[in-house]
Amino acid sequence: MIGTDGIRFAIEWIDEQDGERFDTLAVVRIDLDGQPIWPVWGDATTDLDVFADDILAFLTENWKKLLLEQHYPGSLQPNGPSQLSALAEEVAEDKPRVIADTLHSSVVSFENAHNLARAIAGQFELPSLWMIRQGDCMIIETGGRTVRIAADAWIAKTSEFGEAIASRLRMRLPDKYGRLLAAWDARNEGDPISILSVSGASDRCSRRGGTYA
């Protein structure tokens, strides 16, 4: 279990299953304040077996988008991220084909970067897990519910989660995953990422009293 309060990432490695050995297969669950929220809200008994390298690849590829993209594409304002695609379809009906296609492409790109389920959609029909930053907060939507947590807490716990996966890959298959590991280690390099200095965000993004929408 990664994290001591707030959001937690639970990962349990599976070394062997049905007589077959694995290096990156794991059971993964995400909790918030001790309550399971993904893959099934409120259910700690549902196991989700995933190849954790897919999750690390998703986090690595989309890290800067997850930290820096704070607005929906095309100036759209859905009630929540799960409503984005439907709203885009509605708006696109009245647009010229070129504009509609551009909007559709930007929405798909946004969904692929902000919905963790897309990382392993080829293997499972998973509930969505949306992660979208808004100022000092990270908006998490899953299971038809939305929560807000401090962005700095999300960054810290998600970084620890990714590093737990990276450590496993370094130990088991450093050559095979060398490029991925190097990219993960360099995820904060390049253009300055101002949001990494969100000190005090936990106070500004308080989840008092009714934290679940």
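The values are calculated or read from the model by the stated rules, or taken from the named source; none is laboratory data. All values reported here derive from a predicted model rather than from experimental measurement. Positions of Cβ are backbone-derived with ideal geometry, glycine not excepted, and every protein chain shown enters the neighbour counts. We work out accessible area using only protein heavy atoms, side chains counted, and drop any ligands, DNA or RNA first. Shrake-Rupley method; radii C 1.70, N 1.55, O 1.52, S 1.80 Å.
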Distance between segment 63-113 and segment 9-39 - C-alpha centres, whole angstrom
31 Å
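Once a ≥ b ≥ c are taken as the square roots of the eigenvalues of the Cα gyration tensor of segment 34-135, is the result rounded (a/c under 1.5), prolate (a/b larger than b/c) or oblate (a/b not larger than b/c)?
Numbers: a/c = 1.98, a/b = 1.84, b/c = 1.07.
The shape class here is prolate.
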Note: probe point = Cα of TRP13 + 7 Å toward Cβ; backbone nitrogen < 16 Å; residues of segment 53-69 passing the test are 53-56
Can you figure out the FRET efficiency of THR45 with GLU93, using R₀ = 35 Å and their beta-carbon distance, to the nearest 0.05?
0.25
Taking the Cα of ALA183, stepping 7 Å toward and past its beta carbon, and measuring to each backbone N in segment 59-100: which are under 12 Å?
59-64
Which whole-number percentage describes the relative contact order of segment 24-175, with Cα contacts under 8 Å and a sequence gap of 6 or more?
22 percent
Apply 1/(1 + (r/R0)^6) to the Cβ-Cβ distance of SER75 and ARG145, taking R0 = 25 Å, and write down the FRET efficiency to the nearest 0.05.
0.45
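Trypsin sites (Lys or Arg not before Pro) within segment 1-101: which are DSSP loop residues with at most 15 other Cβ atoms inside 10 Å?
none
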Got a sec? What order do HIS71, HIS104, HIS114 fall in by accessible area at 1.4 Å, biggest, i.e. largest, first?
HIS71, HIS104, HIS114
Taking Cα pairs closer than 8 Å and at least 6 residues apart, the relative contact order of segment 85-140 in percent is 21 percent
Restricting to DSSP loop positions (anything but H, G, I, E, B) with no more than 16 other Cβ atoms inside 10 Å of their own Cβ, which GluC sites (Glu not before Pro) remain in segment 33-129?
GLU69, GLU93, GLU125
Roughly to the nearest percent, how much of the accessible area of segment 1-86 is carbon and sulfur, given a 1.4 Å probe?
41 percent
I'd like the accessible area for TRP38, computed on protein heavy atoms only with a 1.4 Å probe and all protein chains in place. Round to 10 Å², please.
0 Å²
Could you give the size of the charge dipole of segment 67-119 about its Cα centre, using +1 on the Cβ of each K and R and -1 on the Cβ of each D and E, expressed in debye and rounded to the nearest 20?
140 debye
